[in-house]
Structures are given as C-alpha cells and as structure tokens.
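Quick notes on the structure that follows.
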Amino acid sequence: MVKIGVKSSIGRMRLQMLLGYVLFIFSSLSVALGAFVGINIGTDLSTLPSPEQVVAILRSHQITHIRLFDSDNHLLSALSDTGIEVMVSVTNYEVLRIGQTPSAAASWINKNVAAFVPATNITAIAVGSEVLSTIPNVAPVLVPAMYNLHKALVSSNLNYKIQVSTPLSMDLIPRPFPPSAALFNSSWNSTIDGILKFLKTTNSVFMLNAYPYYGYVQSSGIFPIEYALFRQLSPVKQIVDPNTLFHYDSMFDAMVDATYNAISAFNYPAIPIVITETGWPWAGGGKERDATVENAETFNNNLIKRVLNGSGPPSQPGIPMNTYIYELFNEDKRPGPESEKSYGLYYSNGSSVYALGLDAIGGGVSVNGSGGFCVAKKGADVSGLEDGLNWACGPGQANCSAIQSGQPCYMPDTIENHASFAYNDYYQRMQSVGGTCDFSGTAVITTVDPSYGSCVFRGSTNASIGGLVQPAFGPVGPTGSVSSHELPYTWGLVLGIVLLAVL
C-alpha cells in the first residue's frame, strides 16, 4: 500500500508538472496569435465593384479579416479558398423573424453559412447592428435570436468554429468617462444581462461599435483632438481616471475600458471585446470641420499601430483590442450627414482616398530570395507613378502583360497597383546588374509579398496561392484562445502529453 501510494504521488506530481507545461504551451500560443485589424464592407454605394474585384482589393493588401453587413451570397462565393476570415451579419430586418422562429434561424444558417463553409472561412455571425439603439422595439427578441442561431449552428456541427454575438453602440453607456465609473443605461439591464449570459455560456466575444470621432465632437472641446487621434498628449493635457489613476493615451482605449467596466457591473468576468466598427470620416458638411482627409489618415494609421501592438486597454492589458475599420468603400447612398458617406478607404473604382498602412494589417510576411519586393510608395504623386510605370514598361523592359485589361493583375485598375507590378518586375530582373528600386522616389522595398489571387509578382516564393500568407487566427477570442481550426491539433497535443503522464 505504501509503495502504491508513493507511486501514485509521483504520478500526480508528474501529471501536475506536465499540465504546467501544457499551460505554458497555451500561454505561448496566446502570444503567437496576436491581434488583428479587419475591414467592414458596406454596399450602399451607386457603383459597387464586383465580388471578384472586392476580393482582389482585399488580397492585394493582405487583409485577412472582414465583416459583411449582410450575407451576400455572391461575395461569400468569391471569398472561397482565400483564407480570409469572414464575419457575416443578420440584418436588423431579419432579427425579428429569427428571434421568433427557430426554424427561421435554421433556414438562415443553412442558406448563408452551411452552404459556404468550409471553403469560405466564416468565423462569426453578427446579429443585427446596434439593435438596442436603432430599433428598440425588437430588443425583446434579440437574445432569443442569438440562441436560435447558436442552436442551428450546433445542429450543423458548426458551433465549434463560428461565434454568435451582436454589435452594440457606445451610446448605451451615457457617461463613458471616467471609464472606472461607466455603466450601461439601466433601462437595458435585463437585455444586456441576457446578452452577457449568452456570450459567457457560448464563449463568444462582446461586439462594440466605438467611434472616437463622435466622442470628440460631442465633448464640445472638453477633450483635445490629439486624444481622439492617438497623438501624443502634452504633460498638461494628460487624461487620467481619478479612481484608478490609469493614464489614457487615446479616447479609443478609454471607450473600450469603459465597456469592460460596464460589463463587470453585471458580475461577469472580462468577456473579450472585439471592436466591430471604428473609423474617422474624411469629409463632412459645413458643421463637420473635423471630418478631414488629414484627420482620417492620422486616426486610421495610428489605430492600426495601436491595435497591432497586441496590448489591451489599461484595465485589461492582456486582451488585445481586435478591431474592424469602418469601412472599405465610401457609401454615397447612405442617409444622414455628409460624413456618413465618407468613411471609406477606397472609392468604388479601387483608388485609395488617402495613404494608409494597410499592408501591416495582414501580418503575413513572405520574403523572396532577392531582398524584398519593389512596389509603389503609398501616397506617391500620381504623375510620378505614371512616369515610372511608362519607363518600367518601356525602356526598363519590364514584362507588363499581366496588367493589361483582362489579365490577372489588371484589377484593381489603379495606377498604384499597375506601377507596383511593373516596378517589381523590373527590379527582380535587373537588381543583380545594378537595377534599383527608386523610380524618382515613387517606389519602396517591402518584405510583404504583394501577390494576390492569380496575380503573382515576380520573386514570390509561393506562386500556387499568389504569395498570400494564409491567416493564422481570427476573431474568436482574447489572447489565450486558439483559432477554431487549430483546436484539433492543439487538443491532440494536450491529450498526448496527458497520456505520457499517465503512462
């Protein structure tokens, strides 16, 4: 008996040690998974590019996460085999029917989700958009709609892969500052408690729409614009929560922390927040003087840097603030003030509104064997790009056939895209004999493979998929969670370790 007890004790010690290693492995994975920035895609524009053109733009910038405001079947088909992680949406008009009838939820899942996976990488469903703020009469069926959709996913054996949540507006928090004192509007307590219980039960994320632009405008000068734009604050303008003494370098961080505090008031542990919408308009009406190209460019570039550093807000530093920028295209048909039509990063013809570091979003790096790729510099003068393109395809003897109409690299039909292909072809051919990547200052070397779809840039190490690095993670949880398509391998590893302990 004594010997058995000793053996059992040693076995337990071995098991505890090995389980400690398992936890270490998971913590290491959480660091590796990191944060992401995605893009919203709206369709309220007069000339909507074809699904294939939309996908070409996404892949050309290695955008790996998108949110659709509906479940457009044509676009979902075009996204197949791209690896791009897709959040589809139940429109506000559909919430009532789905919330009242489980069969309607099952039908919606079959038509808009099950019919496309696994070829199309759908990872989340957004149930409505700001339902409590925009159509409060539907609030009683919002939580039932979420449960009905989740049950339909369970029936289709897709619940392990796809999360269900609902984007809520910062409007539900009347006083977001100081963050430590922020609470949801008490009139919605019952519904919000139901939402939080669902999210915790299904291990889903809290979806938040947070716009520092509106927070700044509505503050009537209380907060400096630097605070809204992620710019460095002077010592006399430091923003500090008087209760926690946390310093807030940006209104964005404060908004997310305010929401975490509002959630904690319901006695739920920190449910990870994904920011499903944020952005800054680049144009506005006469009274929207802060809606400028300069401010939009500053906000979104600084947002990308902030999110991709992987840290959370002061109260939850270990949970990354995964974010979707609003939005890919300018939606000229949207109702409301001019600013509502001017959040897009691109015009419908694929040309960019302003220079943006989108290539940092994908996080995928594929370095060729010759020292990088030569591409057009973001924001370079158009006439300079035209001169460089003409020279590369002429005296430079670059092979520019792929950027002709109807060829793989023609779309998106922009001078920047065409110049990038021509510059790179010239550079890859001629660098060994002294060719440079300059083109009168309109070109730059990058380690990010610019290939996309069937458009393969010379020097790519992975021509079979156009050089695009498949995304490794998605909007499925905080640091510490593993992407759903990695779970079988991960749990297999855990099981193997545990078995070793037993043996």
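When restricted to residues that are surrounded by 24 or more Cβ atoms within 10 Å (Cβ to Cβ) and outside any loop (DSSP other than H, G, I, E, B), segment 228-247 contains 1.
When only residues in segment 47-84 that are touching a strand residue (DSSP E or B) at 6+ places or on another chain (Cβ under 8 Å) and of a type in the set (Ser, Thr, Tyr) count, which is farthest from ALA105 (Cα to Cα)? Of everything passing the filter in segment 47-84, SER60 is farthest from ALA105 (Cα to Cα). Of note, LEU76 satisfies the criterion of being at pLDDT 95 or above, on the phi < 0 side of the Ramachandran plot and assigned by TED's automatic domain parsing to the domain that holds MET207. For segment 115-138, filtering for residues that are surrounded by fewer than 17 Cβ atoms within 10 Å (Cβ to Cβ), part of a helix (DSSP H, G or I) and touching a residue at least 40 places away in the same chain (Cβ under 8 Å) leaves 1. What about VAL164, is it at pLDDT 95 or above, assigned by TED's automatic domain parsing to the domain that holds LEU132, part of a helix (DSSP H, G or I) and of a type in the set (Val, Ile, Thr)? For VAL164, the condition - at pLDDT 95 or above, assigned by TED's automatic domain parsing to the domain that holds LEU132, part of a helix (DSSP H, G or I) and of a type in the set (Val, Ile, Thr) - is not met.
If you go through segment 193-200 one residue at a time, do you hit one that is touching a Leu at 6+ places or on another chain (Cβ under 7 Å) and modelled with pLDDT of 95 or more? No, every residue in segment 193-200 fails to be touching a Leu at 6+ places or on another chain (Cβ under 7 Å) and modelled with pLDDT of 95 or more.
Go through segment 399-439 residue by residue and tally those that are small (Gly, Ala, Ser) and surrounded by 24 or more Cβ atoms within 10 Å (Cβ to Cβ). Qualifying residue count for the region: 3. Counting only helices (runs of 4 or more DSSP H) that fall entirely inside segment 331-433 and contain at least 3 residues that are at pLDDT 90 or above and in the same structural domain as HIS61 (by TED's automatic domain parsing), no element qualifies. Scan segment 44-67 residue by residue and report those that are of a type in the set (Lys, Arg) and assigned to a helix (DSSP H, G or I). Listed by number, the list holds a single entry, ARG59.
Filter segment 82-93 for residues that are over 12 Å from ILE39 (Cα atoms) and touching a residue at least 24 places away in the same chain (Cβ under 8 Å); which is surrounded by the fewest Cβ atoms within 10 Å (Cβ to Cβ)? Filtering segment 82-93 for residues that are over 12 Å from ILE39 (Cα atoms) and touching a residue at least 24 places away in the same chain (Cβ under 8 Å), the one surrounded by the fewest Cβ atoms within 10 Å (Cβ to Cβ) comes out as THR91.
Among the residues of segment 175-200, the ones that are within 20 Å of GLN238 (Cβ to Cβ) and part of a helix (DSSP H, G or I) come to 3 in all.
The values are calculated or read from the model by the stated rules, or taken from the named source; none is laboratory data. These numbers were taken from a predicted model, which means no experiment stands behind them. Counting neighbours? That spans all protein chains shown, and the Cβs are built from the backbone with ideal geometry, glycine included.
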